[in-house]
1. For B:Arg219, what accessible surface area do you get with a 1.4 Å probe? Give it in Å², rounded to 10.
2. Report the charge-dipole magnitude of the stretch B:219-336 in Debye, nearest 20, computed about the Cα centre from +1 at each Lys and Arg Cβ and -1 at each Asp and Glu Cβ.
3. In chain B, carbon and sulfur make up what percent of the accessible area (probe 1.4 Å)?
4. Under 5 Å between amide hydrogens, which residues at least 5 positions from A:Thr274 or on another chain qualify, with H placed 1.01 Å from N in the peptide plane?
5. Can you say what percent of the DSSP beta bridges in the protein assembly as shown, counting only those with both residues inside, are antiparallel? Round to 5.
6. Computed over the Cα atoms of the stretch B:43-147, what is the convex hull's projected area averaged over all directions, in nm²?
7. How much length, in nm to one decimal, is gained on full extension between B:Thr2 and B:Ala392, taken as 0.36 nm per residue of separation minus their Cα-Cα distance?
8. Using the Cα centre as the reference, give the magnitude of the dipole from point charges on the C-beta atoms of the stretch A:345-398 (Lys, Arg: +1; Asp, Glu: -1; all else neutral), rounded to the nearest 20 debye.
2 protein chains.
Amino acid sequence: MTQRFVVIGGDAGGMSAAAQARRRSRDASDLEIVAFERSRFTSYSACGLPYFVAGTVDEADDLIARTPTEHAAMGVDVRVGHEVVRIDAAARTVAVQNLAAGAERIEPFDQLLIATGAVPIRPDLPGVNSDGVHGIQNMADGIALRAHLDEHHDDHHRAVVVGGGYVGLEMAESMHQRGLPVTVVDSGEQPMSTLDPEIGARVADAMRALGIDVRMQTRATAFETDTGDHVRAVSTSEGTIDADVVVLGIGVRPNVQLAHDAGIALGPTGAIATDDRMQTSVAGVWAAGDCVEVTHRVTGKKAYVPLGTHANKQGRVVGVNVTGGDAHFRGVVGTAVTKICAYEIGRTGLSEREAKEAGFEVATATIETTTRAAYFPGAQPITVKVVAERPAGRLLGAQVFGREGAAKRVDIAAVAIWAGLAVDEIGQLDLGYAPPFSPLWDPVLVAANQAARELALL
Amino acid sequence: MTQRFVVIGGDAGGMSAAAQARRRSRDASDLEIVAFERSRFTSYSACGLPYFVAGTVDEADDLIARTPTEHAAMGVDVRVGHEVVRIDAAARTVAVQNLAAGAERIEPFDQLLIATGAVPIRPDLPGVNSDGVHGIQNMADGIALRAHLDEHHDDHHRAVVVGGGYVGLEMAESMHQRGLPVTVVDSGEQPMSTLDPEIGARVADAMRALGIDVRMQTRATAFETDTGDHVRAVSTSEGTIDADVVVLGIGVRPNVQLAHDAGIALGPTGAIATDDRMQTSVAGVWAAGDCVEVTHRVTGKKAYVPLGTHANKQGRVVGVNVTGGDAHFRGVVGTAVTKICAYEIGRTGLSEREAKEAGFEVATATIETTTRAAYFPGAQPITVKVVAERPAGRLLGAQVFGREGAAKRVDIAAVAIWAGLAVDEIGQLDLGYAPPFSPLWDPVLVAANQAARELALL
């Protein structure tokens, strides 16, 4: 008998699951796979949107890994422009609205995947919906913002980015590269709250060195508009900033309404709770991507970490499990990298602040060295901070800041944290060395050794 | 009572030990540290020599991390131009010859470190000592070769490199960058015998694409000279190759004569045997660097892996142990990276061939992807091969070939191998992702996942 696997959401988590299930069950008479996506896009790189807006990536289509037509050719029936509006877990059905036609249909499922993603946080402030105030969560947002910027190319527009996290930083870079004067407004003490203050301060300094106006401890309070309802300024706790275009990069929250309404359990973070096979509290109903919470391997606690990498891995896990396999999502360690122009930033595990909040006694070490042998052309400064648990030295976290060759160094620490290695052992890791690639002691090893000395382990 | 720590050899292993011991025992009345070095150089980057010869690095001095004077200022008495010619382990003395004066002195020690390094293999062929045939093992070699090339800058010299290993490759790049026509001669089937054939073939193709004449399965048989005893051609098993300058990059063997003559045990590889505290068969006599053998963590067997990174780590271990500490060298996984012009090469663990020779049943996967998101400018092709143990999938080795951003990817695999992770778990590692740095699935993850599928683990 044909089983029916229904997927809600046509992006990373949903379509990874669909593709994996299709690979494992090639015969559509065994498994029918239907995915509902309310937009007209599937499987695109949301992480690439800032680079599309900047013009670094030419076409929106470049960001699309697989179109609905390509999915169909693989044997996955994707229905774009269709929004699932209700799940009936007991009846094993979903109600689907055809957004163009308005009609609602009941669709049955044997297995269901909720991959509804995240919704951007929009501050409830006067003028937030006026013309020129842009979110940057999905493809349509990116296309709208780039069209706006292209249209006003010669108008000497001034940009304000609200929020100094990853997306805020990348959008600041994007605008800066387009030649707009950019101001970043954030209520925190430093950009990128997942970094410790001394590393965040380096990011702020770098942004200012690029000519970006970074205003920390500054809270947006309203968006002022002209008579045409076009934004003209951002009112803040520290005064008014002229603005012709505003980008909101305040963060996202899990899109859980559908699941919650269906009686599916949410976890302590407010995202959908799953076991490590990505099954929700309802048997045969799975969840993946930016709508779920994950286990942080360092704390052992639940965390909300919406990232495309996790979504894809979770989707594959679901694809295996709905086709009779037994795959497990093994959690995250909180790795992230980004750049702003020539400056690279990476972090993994817990920051010092996060580690202390989680109850760890810590030792830290912050070192400065170079990305290549100091004498080799192109060697760039790099700062590495590591956070280790007292007294045994288990690595809890690492942060890197530098230029070319800096960010991906965090992978070394990410694998070491994943495997539970301590800093004295990390200091001896057999990493690749040649003068064009690294100093003899890789920066991560230097930091680990310093932390080990701090802990009297060396 | 003052203890006396004598170090034989003033480079990586020896001076790391001396510096570490000095840091831990700041008072020279507790510990006197004397190092004997037969050349006039200490603590230099032998790995940087190809780049000095190329002119990428301006001055030989740039390669020197710490001069004898700087060591002295740190409280380490370095005597350059002094060669230790005998060790009397029972009497706790060494005989030292002052190479300039010719005088021999007996010097006592409480603790002794043998850090005599390696000697380059020079083929016993006619003409090998003629003018224009250069080794590239030490600083003097590098200075001589660069002086030769500078002197003959306008003479349209043709270069032949004998040996297609790491040093041979780097010297081929060096000559090529100086504008010389370069031929590489090697008796093997591919350059870089530590790579599997299909990856080695990519290296050979890349070299040929650069215009380097790569002649594999070709054995040098003699060096022909002109009447002035200057090399003019290399005779090989496959014919004669004109040459005005020849570089020997055939490899090295451990420099163990002193130790062997003193009755200190050698290991199965022919290098000095030590325990993991780097102590030899004689109590209080230690060894570190290119003269010792190490434990390969994948096979558990002894291996000879002469690399500056290991030498420095071993030296630090000795420096801790001679000052009352208890440090252990934890072995190697065989990581190495290099480049030839824009092409990058990395390897770690065992190649497929090595794994089979070591008795492992293996599964392999070789994948092609890009270093950045495929749509991001500057994305470069990268090939990753992984070798995993059947049936459980423990990662045994990885090889990478590509362009900018490829080589250091091998570090991810190196840490995973170090920690004993299996490919199905590696496929889920939480690595840094952003479009400028990586495709959503890092190339190492793609290869690991493919191997896991091969093993039916996914």
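The values are calculated or read from the model by the stated rules, or taken from the named source; none is laboratory data. No experiment lies behind these values; they were computed from the predicted model shown. Virtual Cβ from ideal backbone geometry, glycine too; neighbours counted across all protein chains shown. In case anyone asks, the SASA skips ligands and DNA or RNA and just uses the protein heavy atoms, side chains included. Shrake-Rupley method; radii C 1.70, N 1.55, O 1.52, S 1.80 Å.
1. The accessible area comes out at roughly 140 Å².
2. About 740 debye.
3. 48 percent
4. Here the answer is A:Glu293, since their amide H atoms fall under 5 Å of that of A:Thr274.
5. Counting DSSP beta bridges with both partners in the protein assembly as shown, the antiparallel share is about 65 percent.
6. Averaging across all directions leaves 9.1 nm² for the Cα convex hull.
7. 134.9 nm
8. Result for the stretch A:345-398 is approximately 120 debye, rounded to the nearest 20.
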